[in-house]
Amino acid sequence: MMRRESAKTHRKTSPLFVIVFVVLIIYVVVLLVPLIWGLFISFVSRDAYSEYLHNPLVLPTSYSFMNYINGFNDFNIKPVGSYTEQNIFEILGQTLIYSISCSLAATIVPCVCAYAAARYNFKFGKVIYGIVIVTMAIPIVGNLPSEIVVAQRLGIFDNLWLFWIMKANFLSIYFLLFHSIFKGIPMAYTEAAKIDGAGNFKIMINCIMPFALGTIGIVFLLNFINFWNDYQIPYYYLPSYPVVGTAVFNFSLHSEKFGGIPQLIAMIFIVAIPIIALAIAFNKKLMSNLSDGGIKE
Amino acid sequence: MTKALLGGYNRSNKVKSGTKDAIFFYALLILPVLQFIIFYIYVNFNSILMSFQRYDSTQASFVFLTDNAFKNFQGVFELTSLGLDLGRLALNSLILWLCIVIFGTIPAIIFSYYIYRKRALCHFFKFFLFLPSIIPSILLTTIFKGFMIDCISNIMQVFGVTFKTSNGLLDPYSNTAFPILLAYYIWISFGSQVLFYTNAMAQVSPSLVEASQLDGCGESRILLHVVLPGILPTVKTFIIASIAGLFTNQMMLFNFYGVIDNAPRIATIGYFIYSMAAPGPSNYDNYPLMAAFGLCCSVLAIGAIFGINQLFKRFEK
């Protein structure tokens, strides 16, 4: 204990680390200043904000929750081709359906495909692995129009309940992650389960998948955050089903209609709070080593 | 006799088990492979076909060009004559890519090394480096946009700086917007790189680092000669993956401005393609031209990837 402490205290202070420390402090400050400014501004009334614009060196002094209340009430959007507006609850519901279905598809499919490719000795498994590597290395540019047309032909375009099919692919870095985990689990587990009479499905669900459960959870969470925050894909593919991202994007393009910048920022905070809370709650898991699944040596 | 019978039983059991394995294996893969065939192979094949087609509004479908099959490709080269500064878009995309590689990768490696060596406040910094990946990008861009226009630009005006429009420093037609947006993009993009590099550094044998410390190596030498060679495959993967971004990265311009016409000072090729495919009344007419444009970019990107790969191989030798 004593030796450990003395080793710590005798750790040399490298000039490199001093410089990096200073740069990282600047990084945090530069990142936080606009966020704190935004948080302050979200509590400022429209009139006080106009005054502040005329005298930007003095921060407004009066704050209230009105922007949040008005923002909550004004959080309505008219989807493309519709005459009726959708309120915040409908938008949140659509966001949940979109985020959960797409996250499940984008997590389960690479996981199951990686399981098949890593645990079964068929040549086609190696082909699948090769496809993932090749498609990740070869960039395809400008296939968005074609993808939209194909989605329209298949009835997936503007279909909230079927859109997850487009995300159910195994061409992601998560396939490689799951593959390395499943490959690292000794085949003896599968053989022992087989001798005990377990079928292939039972072996997959009860014997092997539990080793990757932590990673599956993290990948699902990362995907969920990604899809919740996303507005571009729904903007293009789900025009009749605005999600919080598309709604906020529309508000940001027409902020004057919605009480100006203070109310706009308040509206964005309203829909960002759940995801920020989720990320803070799981921040240790999210930032841990993703490949920490499988068997520990 | 019994042995022979048992051997036969075992063999038939093995065959049965092999068939069951094969059935299960292909059952797991059939739907994902079907999805891959439709949404990767067919979509890209259709994109190639589309580059030889035009949109027929009377039939509401895409039909093959009969008079000049390469009309869309000609159109790509004629974009310049229509007033689009393709050279400027390419230059902006190239500057963006170079800045990501140089000012994004090098600091990310150094930050990761700091976290890997568990120096002061390393967990705190890791959290803040990853924070922009968690916060919705639209929230960050809206606040940053408001902050730059309503706060910084206004303060500058107090001190006598004048701006042509109310967008201040972020006026898309000014010279200030591009460098600011570029710096902002790099500033918030460290998260995933730091996460991957710290994971890669964790695989470097601690005994190697300890040995070099005992030999009297300073931290910068350990980073350069011990840790960096260990994470080079990860760095290579990031740089190669970023080449695709040369033609697809829109530097969050869509978040900041939505679709704006004729803003070559800030626009990148990725933004141009993206905004041309944006939902609108006449977007179908643009699709074949965009498909042809994308095909040209893909060919260039594949060439660039092979070039960079060869460069890395030489460097590794």
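The values are calculated or read from the model by the stated rules, or taken from the named source; none is laboratory data. Computed from a predicted structure; not experimentally measured. Counting neighbours? That spans all protein chains shown, and the Cβs are built from the backbone with ideal geometry, glycine included. For the accessible areas, the whole protein counts, side chains as well, though only heavy atoms, and no ligand, DNA or RNA atoms are used. Shrake-Rupley method; radii C 1.70, N 1.55, O 1.52, S 1.80 Å.
Note on the protein assembly as shown: Cα convex hull, mean projected area over all directions, 37.2 nm².
Report the charge-dipole magnitude of the stretch A:23-136 in Debye, nearest 20, computed about the Cα centre from +1 at each Lys and Arg Cβ and -1 at each Asp and Glu Cβ.
Values: 5 positive and 5 negative charges, 172 e Å.
Computed about the Cα centre, the dipole is about 820 debye.
Surface composition of the stretch B:75-167: carbon plus sulfur atoms hold 71% of the accessible area, using a 1.4 angstrom probe and ignoring ligands, DNA and RNA. Taking the dipole about the Cα centre of the protein assembly as shown, with the C-beta of Lys and Arg at +1 and of Asp and Glu at -1, give me whichever of A:MET166, B:LEU169, B:ASN92 is farthest to the positive side. The residue sitting farthest along the positive end of the dipole is A:MET166. Hydrophobic, long helices, defined as DSSP H runs whose alpha-carbon span along the helix axis is 30 Å or greater and whose mean Kyte-Doolittle value is at least 0.0, occur in chain A at A:15-41, A:88-119, A:260-281.
Based on the Cβ-Cβ distance from A:ILE138 to A:HIS254, what FRET efficiency comes out when R0 is 56 Å, to the nearest 0.05?
Efficiency at R0 = 56 Å is approximately 0.90.
Can you find, among A:GLY199, A:ASN223, A:ILE276, the residue farthest towards the positive end of the dipole of the stretch A:138-297? Put +1 on the C-beta of Lys and Arg, -1 on that of Asp and Glu. In the stretch A:138-297, that residue is A:GLY199. Interface area, chains A and B: about 8400 Å² of buried accessible surface, summed, with a 1.4 Å probe and ligands, DNA and RNA left out.
Ranking B:VAL209, B:VAL33, B:LEU228 by Cα position along the charge dipole of chain B, where only Lys, Arg, Asp and Glu carry charges on their C-beta atoms, puts B:VAL209 farthest toward the positive end.
Report Rg/Rh for chain B, rounded to two decimals, where Rg is the Cα radius of gyration and Rh the Kirkwood radius. That ratio equals 1.10. Here is the size of the stretch B:192-271 from its Cα atoms: Rg then Dmax, 19.4, 61 Å. Inter-label distance, A:ASP196 to A:LYS285: 2.6 nm, where each label sits 7 Å from its Cα along the C-beta direction. Note: the stretch A:64-143, Cα convex hull, 196 Å³ per residue. Using only Cα atoms, locate the centre of the stretch A:16-92 and the centre of the stretch B:212-250, then give the distance between them in Å, rounded to an integer. That distance is 37 Å. With 0.36 nm allotted per residue and the present C-alpha distance subtracted, the B:ILE180-B:PHE70 stretch has 35.7 nm of extension available.
The Rg/Rh ratio of the stretch B:166-317, with both radii computed over alpha carbons and Rh defined as the Kirkwood radius, is 1.11. Distance from the Cα centre of the stretch B:75-127 to that of the stretch A:109-143, in angstrom? That distance is 28 Å.
Per-residue extension of 0.36 nm, minus the Cα-Cα distance of B:SER17 and B:GLN213, leaves a gain of 65.1 nm for this segment. Along its first, second and third principal axes, ordered by size, the stretch A:158-294 spans 69, 34, 21 Å in Cα coordinates. At full extension, B:ALA60 and B:ARG265 could sit 70.2 nm farther apart than now, given 0.36 nm per residue minus the alpha carbon distance.
Would you mind counting up the charge near B:SER137? Only other residues with Cβ under 15 Å from its Cβ, with Lys and Arg at +1 and Asp and Glu at -1. In short, 0. Of the trypsin sites (Lys or Arg not before Pro) found in the stretch A:209-290, no site is in coil according to DSSP while having at most 15 other Cβ atoms within 10 Å of its Cβ. Shielding by partners for peptide A:32-45, expressed as the average number of C-beta atoms from other protein chains within 10 Å of each residue's C-beta, is 3. Working value for chain A: equivalent-ellipsoid semi-axes of 42, 32, 17 Å, each the square root of 5 times a Cα gyration tensor eigenvalue, largest first. For the protein assembly as shown, a crude dipole built from +1 on the beta carbon of Lys and Arg and -1 on the beta carbon of Asp and Glu, taken about the Cα centre, is about 2560 debye to the nearest 20.
When the inverse distances between all different Cα atoms of the stretch B:83-197 are averaged and flipped, the Kirkwood radius reads 16.2 angstrom.
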